[in-house]
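Working notes for the structure below.
The values are calculated or read from the model by the stated rules, or taken from the named source; none is laboratory data. Values in this document were obtained by computation on a predicted structure and should not be read as measured data. No Cβ is skipped: glycine too gets one built from the backbone with ideal geometry, and neighbour counts run over all protein chains shown.
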Amino acid sequence: MAKTVQDILNLIEENGIRMVDFKMVDINGQYRHVTIPAENFSEETMKSGIGFDASNYGYAVVEKSDMVFIPDPDTAVVDPFCEIPTLSMTGNAMIIDNPENRPLKQYPRNIVLAANEYMKELGVADTMYILPEFEFYLFDQVGWEVQPNSIASFVDAKQSYLNSASEGLGVVVPKQKNYHIAKPFDTSYECRSEMCMHMKDAGIEINYHHPEVAASGQFEIEPQLGEMVKMADATMMIKYIIHNTALKHGKSATFMPKPIYGEAGSGMHVHMLLMKDGQPVFSDDNGYAHLSETAHYFMGGLLKHIASLCALTNPSTNSFKRLVPGFEAPVTVGYATSNRSAVIRIPAYAKSPDKRRFELRNPDATCNPYFCYAAILMAGLDGVKNRIDPHAEGWGPYDMNLYTLPEEEKARLKGLPVCLEDALDALEADHDYLTAGGVFPEELLKNFIKTKRQECRQMAAIPHPAEFDKYYNL
């Protein structure tokens, strides 16, 4: 049930709240915030909002950059990381107009709301449910330096095999052997359990948490399926909780896709399904993997646009250091059942009609989740509109290990972009499916591409320590 202003005032009184914090999202998908004393919160706050400069958030707006942030009372939670009792809310950015405000189309939360409405207008479904898997590393120490005369990074996890000579008690995990490892090797168990409890207090239901493959401190937390807009908000909150709980335990959390050379990378696999009038859209007992024709067309749209999608789902140069063979990361444009080498995997364990789904395996959590989830939906809807059959297009099903195919067969497969520049080229050439229905503004995509190209040029200009190893003595 939607919260009212009075519900928020009751929360403030019941929890002894002294501050109300408004969390906004910049173009990169990072929280910014502004805080007011609790006694200043009123019905007028919800109506008139909080002013902010959108240009400082990375949005190249055509209108004046002064905007207002309108809080969504349904997102209100008590922030567990503030010593002074604080109530936190996210919401939407609006353009100041008379007599009424209108949504700032470039603001991430407004985009995911627009994609949701576009889906309903097409009549394909009325609800999209998603389940992102959050893989991350927990380090006991981390540091980096980028200076003209010194370029270096350092990470350490006490449990890592890299500390076998110095740990002292021999409690170390062999390389790539961390998956589901139990105590005493699972040294961050309490930290992760506390993360999950904070998530539950924030209204985010959790399936489980566990150690992931990489020995140097890789873990996963998986929430339950949730409605797309709410899960976009939840993604921001989950990352916020993981970062802050880690610091509380003397650790540093990172969602960087490939922080350690030679160890598994961290992704954010996104499971998805559609419902209409309470009935599953993706289920068909007679279809391949019990998926419907609509589900296959949706997959077809994802696979057709996968290269341009990568610019939004994998928007860091580091993202593409993860998308390489040998570490269970997807490298091939295709779909299959229970196959981690294809970019779309259909989980065989999702047997009931209302749970039948597939997962897109390339995204990682450096993405702006609002852009990522909206883009995934728009690509899938384009597949449904244009009846893009992934089998007829030659994208599978690939029910074999694609990593171990002979080289001549691998050469016939289509791969994902190998770098962010390639993904940006694809987005520049292929984005009509995103602007359909006015969901993604053209000016946002142009600004996003421009900003990310600047990042690529900056990163390419910095000498890498491995280049000294390779070229110094030539």
If you check E100, E133, E83, which single one turns out to be surrounded by fewer than 19 Cβ atoms within 10 Å (Cβ to Cβ), on the phi < 0 side of the Ramachandran plot and at pLDDT 90 or above? E83
Please report, ordered by residue number, the strands (runs of 3 or more DSSP E) entirely within region 118-169 with at least 1 residues that are farther than 30 Å from G226 by Cα, within 27 Å of the chain's Cα centre (by Cα) and not basic (K, R). 141-147, 150-156
Filter region 176-191 for residues that are touching a Leu at 6+ places or on another chain (Cβ under 9 Å) and in contact (Cβ under 8 Å) with a residue 40 or more places away in the chain; the one that is surrounded by the fewest Cβ atoms within 10 Å (Cβ to Cβ) is C191
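Restricting to region 290-343, name every residue that is assigned to a helix (DSSP H, G or I), of a type outside the set (D, E) and surrounded by fewer than 20 Cβ atoms within 10 Å (Cβ to Cβ).
Scanning region 290-343 gives H290, K321.
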Would you confirm whether any residue within region 180-201 is assigned to a loop (DSSP other than H, G, I, E, B), closer than 24 Å to T127 by Cα and modelled with pLDDT of 95 or more? no
Part of a strand (DSSP E or B) and under 19 Å from the mean Cα position of the chain (by Cα): which single residue out of H271, H243 fits that description? H271
Given (1) more than 22 Å from N314 (Cβ to Cβ); (2) in contact with a helix residue (DSSP H, G or I) (Cβ under 7 Å, 6 or more places away or on another chain), N473 misses just (2)
So which residues in region 289-319 are touching a Ser or Thr at 6+ places or on another chain (Cβ under 7 Å) and without any contact (Cβ under 8 Å) to a residue 24 or more places away in the chain, if there are any at all? S292
Would you mind telling me which numbered condition in (1) at pLDDT below 95; (2) farther than 26 Å from R356 by Cβ Y240 fails? (1)
Look at region 209-240 and say how many of its residues are closer than 12 Å to F136 by Cβ and part of a helix (DSSP H, G or I). 2
